[in-house]
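*Asks:* Quick one: the structure is below, and I'll ask about it shortly.
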2 protein chains.
Amino acid sequence: MTRNQLIEQIKRKKSFLCVGLDPDLKKLPKHLLKEPDAIFEFNKRLIDATAPYAVAYKPNIAFYEALGPRGWNSLQRTLAYIPKDCFTIADAKRGDIGNTSSLYAQAFFDKNSSGMSFDSITVAPYMGRDSVMPFLEFKDKWVILLALTSNEGSADFQTHLLNPQLSRNDDDELGLANSQIVVENQNEYVFERVLRVSQEWGGADRLMYVVGATKAPMLKQVRKIAPDHFLLIPGVGAQGGSMEEVCKYGMNKDCGLLVNAARSIIYASSGTDFEQKAAEEAQRMQQEMEAQLKAFGII
Amino acid sequence: MTRNQLIEQIKRKKSFLCVGLDPDLKKLPKHLLKEPDAIFEFNKRLIDATAPYAVAYKPNIAFYEALGPRGWNSLQRTLAYIPKDCFTIADAKRGDIGNTSSLYAQAFFDKNSSGMSFDSITVAPYMGRDSVMPFLEFKDKWVILLALTSNEGSADFQTHLLNPQLSRNDDDELGLANSQIVVENQNEYVFERVLRVSQEWGGADRLMYVVGATKAPMLKQVRKIAPDHFLLIPGVGAQGGSMEEVCKYGMNKDCGLLVNAARSIIYASSGTDFEQKAAEEAQRMQQEMEAQLKAFGII
């Protein structure tokens, strides 16, 4: 799916909702457990219930991986069931050296190889450029790079300030100064450097960023560095982020947001009415989003 | 496997070789392709050929994932075939918010869940403490945290200097200063901070670090911060790192190293003599390691 097609869907459905398909066997409605593929059955019914309100679906791969090969089978079936006009995100947070990242890209982008082809994949930035580029080799596929995540641990490294100085004086002999590609002269946080440097790797038509809803005020700063890029925003809902703040600080003229909700929708009920409750919560969020899109003059 | 058991194996086999089981269908010896499970057959024969010389095996999960569910089946079979006295590493470079990292841990540590149980898993540090802790909840399992990786992209973020200042002055209103758990007052690289801060999460009996062989001189600095921890060292072989430099800067009184070689061993030949050539290369490396272990008085 191209950027224009995604924007088109957002305007058509009056929504920028992404539903997180994170099926936990321990939390599935009990009446589904007798199904041959309870995981797929759960997802299928949720997709049916929420498709009118969602422009994207985001299975978190850990939930499927935890079940071994059968989990991957359920994931394949789920992906095949998602309507073609919905943007699909493999929330895998992958990343490795170049030739290995190519294989991760194959796993999630090449149907002939793995049986699956998502529109996009979340990628961890720690290993830098050559760990990310292989994903961008795939035409019309997106990389969603972790920037500022929603969890407490984001404070361990992401929100630390970098030093404009290139290297410590005693390290010159180790050749570090030469290994820097860009001369640094700014006071920026680690996550800001990720936002800034990664723009040399791909444009706003191929690259998105993960910014946690719990970090909504930081969106102002994010937008200074990346005004046009789409942002994937987890953490509205179970993690406590505010939709209003997210829109206030994060929306741009193309909307530029995909707000993810998983637990608040998929576990809205764990009874036989789980689909209905999921639909209601998805619709509630879509209506909130519609109001925001109108307020910002996008629809 | 406990730390003492690992050290025991290193002394017994006079080796700290880790063989990377990275089977690429495009590179497999052609005569194997007719096998029902060519990937497992390749691995099985390599394990048979190299087990006398290796203390650890490290399948890089991307190679299996690229093939979808059948890749995971091959991985399961491979893991089951590795001798019980060898240390197993799921080179997955996983990491996500807490509840999701728990599921990744389940995928690689809980046989009842996924059908597989490795001794350890590589983890990406970007999302911080609460993304790593769930892996450490599993008794007798290890986390191998990325610190300074072997690839060029390590220069994008890992070798950047952090600023002792807590936050920019204009960010106080965003509450960032309060979200820092530890007051920083040192001039350290991002990867050094990863090494230092992570020691609060787990000790040298549960935590290891990835340091690329291509960064051997930096091992001196790594050892200042983490003198006792085992280090997983990829990049000797195909990536060009030097075994001698790695040992010179990285060995400690317990050896403290697992040096990984993949392509130089598993693709030493792509003919019908691939096992023999793999055995020869593994033995060559083991002999080099034996000499180093003796030189350092460990055996």
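The values are calculated or read from the model by the stated rules, or taken from the named source; none is laboratory data. Every value quoted in this text rests on a predicted model; they were computed, and no experiment measured them. For neighbour counting, all protein chains shown are included, and Cβ atoms are generated from backbone atoms with ideal geometry for every residue, glycine included. Note: areas computed on protein heavy atoms with side chains; ligands, DNA, RNA excluded. Shrake-Rupley method; radii C 1.70, N 1.55, O 1.52, S 1.80 Å.
*Asks:* Quick check on my filter: what residues within region B:74-130 are more than 7 Å from chain A (Cβ to nearest Cβ), among the aliphatic types (A, V, I, L, M) and open to solvent by 10 Å² or more (accessible area, probe 1.4 Å)?
*Replies:* Those that are more than 7 Å from chain A (Cβ to nearest Cβ), among the aliphatic types (A, V, I, L, M) and open to solvent by 10 Å² or more (accessible area, probe 1.4 Å): B:Leu79, B:Ala80.
*Asks:* So, one more: Return only the number of the condition from (1) assigned to a helix (DSSP H, G or I); (2) farther than 22 Å from B:Pro234 by Cβ that B:Val132 does not satisfy.
*Replies:* Of everything listed in (1) assigned to a helix (DSSP H, G or I); (2) farther than 22 Å from B:Pro234 by Cβ, B:Val132 misses just condition (2).
*Asks:* Looking for something closer than 21 Å to A:Leu162 by Cβ and assigned to a helix (DSSP H, G or I) - is there at least one such residue anywhere in region A:200-214?
*Replies:* no
*Asks:* Which of the residues spanning region A:21-46 are part of a helix (DSSP H, G or I) and either small (Gly, Ala, Ser) or touching a Ser or Thr at 6+ places or on another chain (Cβ under 8 Å) (or both)?
*Replies:* Answer for region A:21-46, where residues must be part of a helix (DSSP H, G or I) and either small (Gly, Ala, Ser) or touching a Ser or Thr at 6+ places or on another chain (Cβ under 8 Å) (or both): A:Lys30, A:His31, A:Ala38, A:Ile39, A:Phe40, A:Asn43, A:Lys44.
*Asks:* Look through region A:1-37, keep the residues that are of a type in the set (D, E, K, R) and touching an Asp or Glu at 6+ places or on another chain (Cβ under 7 Å), and return whichever of them is nearest to A:Asp140 (Cα to Cα).
*Replies:* That would be A:Arg3.
*Asks:* Still on this structure, I have one more. Sort through A:Gln239, A:Gln287, A:Gln292 and tell me the only one that's over 17 Å from A:Ile7 (Cα atoms) and without any contact (Cβ under 8 Å) to a residue 60 or more places away in the chain.
*Replies:* On inspection, the qualifying residue turns out to be A:Gln287.
*Asks:* Can you pull out the residues in region B:20-37 that are within 26 Å of B:Ile298 (Cβ to Cβ) and free of Cβ contacts under 8 Å to residues at least 60 places away in the same chain?
*Replies:* Correct list: empty.
*Asks:* If you check B:Tyr249 against the conditions, is it more than 16 Å from the chain's Cα centre (by Cα) and open to solvent by 10 Å² or more (accessible area, probe 1.4 Å)?
*Replies:* In short, yes.
*Asks:* Which number in (1) within 15 Å of A:Leu148 (Cα to Cα); (2) within 14 Å of another protein chain (Cβ to nearest Cβ) marks the one condition that A:His229 misses?
*Replies:* (2)
*Asks:* Kindly list the number of the only condition in (1) surrounded by fewer than 17 Cβ atoms within 10 Å (Cβ to Cβ); (2) under 20 Å from the mean Cα position of the chain (by Cα) that fails for B:Ala295.
*Replies:* So the condition that B:Ala295 fails would be (2).
*Asks:* A further question on this structure: For region A:56-67, enumerate the residues that are part of a loop (DSSP other than H, G, I, E, B) and out of contact with any Asp or Glu (no Cβ under 8 Å at 6 or more places or on another chain).
*Replies:* Answer for region A:56-67, where residues must be part of a loop (DSSP other than H, G, I, E, B) and out of contact with any Asp or Glu (no Cβ under 8 Å at 6 or more places or on another chain): just A:Leu67.
*Asks:* Taking B:Ser113 and the conditions (1) touching a Leu at 6+ places or on another chain (Cβ under 7 Å); (2) closer than 22 Å to B:Gly256 by Cα, which numbered condition does it fall short on, given that it satisfies the others?
*Replies:* Only one criterion is unmet by B:Ser113, namely (2).
*Asks:* Further question: So is B:Tyr53 surrounded by 19 or more Cβ atoms within 10 Å (Cβ to Cβ), assigned to a strand (DSSP E or B) and either at pLDDT 95 or above or on the phi > 0 side of the Ramachandran plot (or both) or not?
*Replies:* no
*Asks:* Please indicate, with yes or no, whether at least one residue in region A:4-19 is within 26 Å of B:Gln76 (Cα to Cα) and either in contact (Cβ under 8 Å) with a residue 12 or more places away in the chain or within 14 Å of chain B (Cβ to nearest Cβ) (or both).
*Replies:* Within region A:4-19, none of the residues are within 26 Å of B:Gln76 (Cα to Cα) and either in contact (Cβ under 8 Å) with a residue 12 or more places away in the chain or within 14 Å of chain B (Cβ to nearest Cβ) (or both).
*Asks:* While we're looking at this one, here's another question. Given (1) at pLDDT below 95; (2) buried (at least 24 other Cβ atoms within 10 Å of the Cβ), identify the lone condition not met by A:Pro69.
*Replies:* Unmet for A:Pro69, out of (1) at pLDDT below 95; (2) buried (at least 24 other Cβ atoms within 10 Å of the Cβ): (2).
*Asks:* Of everything in region A:240-261, what is closer than 18 Å to A:Tyr53 by Cα and modelled with pLDDT of 95 or more? Give them in sequence order.
*Replies:* A:Cys247, A:Cys255, A:Gly256, A:Leu257, A:Leu258, A:Val259, A:Asn260, A:Ala261, listed by residue number.
Residue-by-condition table, conditions (1) more than 23 Å from B:Thr214 (Cβ to Cβ); (2) at pLDDT 95 or above; (3) basic (Lys, Arg); (4) part of a strand (DSSP E or B):
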residue: B:Leu146; (1), (2), (3), (4): no, yes, no, yes
residue: B:Ser150; (1), (2), (3), (4): no, no, no, no
residue: B:Thr159; (1), (2), (3), (4): no, no, no, no
residue: B:Leu166; (1), (2), (3), (4): yes, no, no, no
residue: B:Ala177; (1), (2), (3), (4): yes, no, no, no
residue: B:Ile181; (1), (2), (3), (4): yes, no, no, no
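*Asks:* Please work out if B:Lys220 is surrounded by fewer than 21 Cβ atoms within 10 Å (Cβ to Cβ), out of contact with any His (no Cβ under 6 Å at 6 or more places or on another chain) and at pLDDT 95 or above.
*Replies:* No, not satisfied.
*Asks:* Which residues, counting only those in region A:252-266, are surrounded by fewer than 20 Cβ atoms within 10 Å (Cβ to Cβ), touching a residue at least 40 places away in the same chain (Cβ under 8 Å) and in contact with a helix residue (DSSP H, G or I) (Cβ under 8 Å, 6 or more places away or on another chain)?
*Replies:* Passing the criteria: only A:Asp254.
*Asks:* Working only within region A:200-214, note down all residues that are open to solvent by 40 Å² or more (accessible area, probe 1.4 Å) and either more than 22 Å from A:Phe118 (Cα to Cα) or within 12 Å of chain B (Cβ to nearest Cβ) (or both).
*Replies:* A:Glu200, A:Thr214
*Asks:* Identify, from the list B:Arg77, B:Arg12, the residue that is basic (Lys, Arg) and under 25 Å from B:Glu244 (Cβ atoms).
*Replies:* B:Arg12 is the lone residue from the list that is basic (Lys, Arg) and under 25 Å from B:Glu244 (Cβ atoms).
*Asks:* Let me ask something else about it. Pick from region B:140-163 the residues that are more than 10 Å from chain A (Cβ to nearest Cβ) and β-branched (Val, Ile, Thr): which of them is nearest to the chain's Cα centre (by Cα)?
*Replies:* B:Ile144
*Asks:* Can B:Glu192 be described as open to solvent by less than 20 Å² (accessible area, probe 1.4 Å), farther than 23 Å from B:Asp24 by Cβ and more than 20 Å from the chain's Cα centre (by Cα)?
*Replies:* Criteria not met by B:Glu192.
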